[in-house]
Every structure is written in C-alpha cells, then in structure tokens.
1. Is there any pair with a first residue in the stretch 58-84 that is touching a residue at least 24 places away in the same chain (Cβ under 8 Å) and surrounded by 14 or more Cβ atoms within 10 Å (Cβ to Cβ) and a second that is part of a loop (DSSP other than H, G, I, E, B) and aliphatic (A, V, I, L, M) whose Cβ atoms are under 7 Å apart and which are 6 or more apart or on different chains, and what are they?
2. When you scan the stretch 107-159, how many residues do you find that are over 22 Å from the mean Cα position of the chain (by Cα), of a type in the set (A, V, I, L, M) and modelled with pLDDT of 90 or more?
3. Please indicate, with yes or no, whether at least one residue in the stretch 123-137 is in contact with a Pro (Cβ under 9 Å, 6 or more places away or on another chain) and in contact (Cβ under 8 Å) with a residue 40 or more places away in the chain.
4. Quick one: in the stretch 119-177, of everything that is under 15 Å from ALA91 (Cβ atoms) and in contact with a Ser or Thr (Cβ under 8 Å, 6 or more places away or on another chain), which residue is surrounded by the fewest Cβ atoms within 10 Å (Cβ to Cβ)?
5. Considering only the stretch 95-106, I want to know if a residue exists there that is modelled with pLDDT under 90, in a loop (DSSP other than H, G, I, E, B) and more than 23 Å from the chain's Cα centre (by Cα).
Amino acid sequence: MTIYDDVGEIEKIAVNLFYGWGYNFYRLENQLRADDLTVRAKVGWLLSQAREAASRAEGAWRRDNIPAPTREKPRPDPAAVEAARRLERMAREIGALEAQIRAEPAPEADHMTNRYRFEAETLHKLLQCDLALAGRAELLRASMAEADGVALLAKGDEIEAGLKSIARALRERQAILHAP
C-alpha cells in the first residue's frame, strides 16, 4: 500500500492544507461566504435575464419600426430611433448593474478581517443586502420577461425605479463592506 492509498494520511494532508488556506469546513463564516457568493451569482443571472429581455425587445423594435432606407424615405422616423435607443440604454444599464453585482467582493477570510470586524456579523448583513438585491432583481426580471418593446417603453418609469432601487441596495452593500 502506497501513501497515495492511505485515506487517513491523505485526509490529514488535505485538512492541513485547508486550514493553511484559512478554510474550516464547519465555520459559520465559510457557509455565509459561500451563501453570499451563491446569492450574488443568482442575482446576476436574474439581471442577465432582464437584460436579455430588453435586448430582444430592442432588436424586435428595430426590425418592426425602423425599415431599411429607401429613396422616398432615406432616414428613419426619429421617434422610432429614440425608442430603440431607450431600449438599448435600458439593457446597457441592467448589464452594468449585473457586472457590478457579480464583481462585488466578500470579506476575506483572514485574521486581520476578524481582528477589526466580526466576520460572521458582516457576512450576515451582506447576505441580507444580497437577499434584497435578489428580490428586486426578480421583480425586474418578471416585469420584463415577456414584454415587447412597446410594453417596456410604457413601463420605462417603473423599470427605471427598479434599477435605481437595485443600485441603492448595491451602495448599501458596499457601505457595509467599507465600514470599520
């Protein structure tokens, strides 16, 4: 039997590695950190669905309302072009929020973090913010899911309010991370 087959020895090596990396399987902080990452990934997915809905609506709007130029009408209707731009801007703003949420950090699992703040408490606050982000992102996604360009343009103020609410929750999350 080689050392590679000794399960007990392999387990000890792995546990020592994990402890050296600052990971402990049973610590609440590790579970909360993993939950934080999972929730933010799901929020990003919800926002990607909303962004795709806006992009689809914009493409359909352009196909239906902005015909190819002709001699009689070389320029498209300015109102139709402006509506397409609003849909495009909507998709871009949702995409920007999605990227910010996916890139948000969680507190590091190190001794310095633990010295200056209670990691579990901070992670719990972050998870509460992330749950609020998830709820808002789902409301946004659901309101945009099957909507066409006309419906999204009609809901423009509501969607803008949803984006502002998500951005506000994201700023609250950032404030928790940067609090002493």
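The values are calculated or read from the model by the stated rules, or taken from the named source; none is laboratory data. As the structure is a computational prediction, the values presented were derived from the model and not from experiment. Neighbour counts are summed over all protein chains in view; Cβ atoms, including those assigned to glycine, are modelled from backbone coordinates with ideal geometry.
1. ALA84/ILE66
2. Qualifying residue count for the region: 4.
3. yes
4. LYS155
5. no
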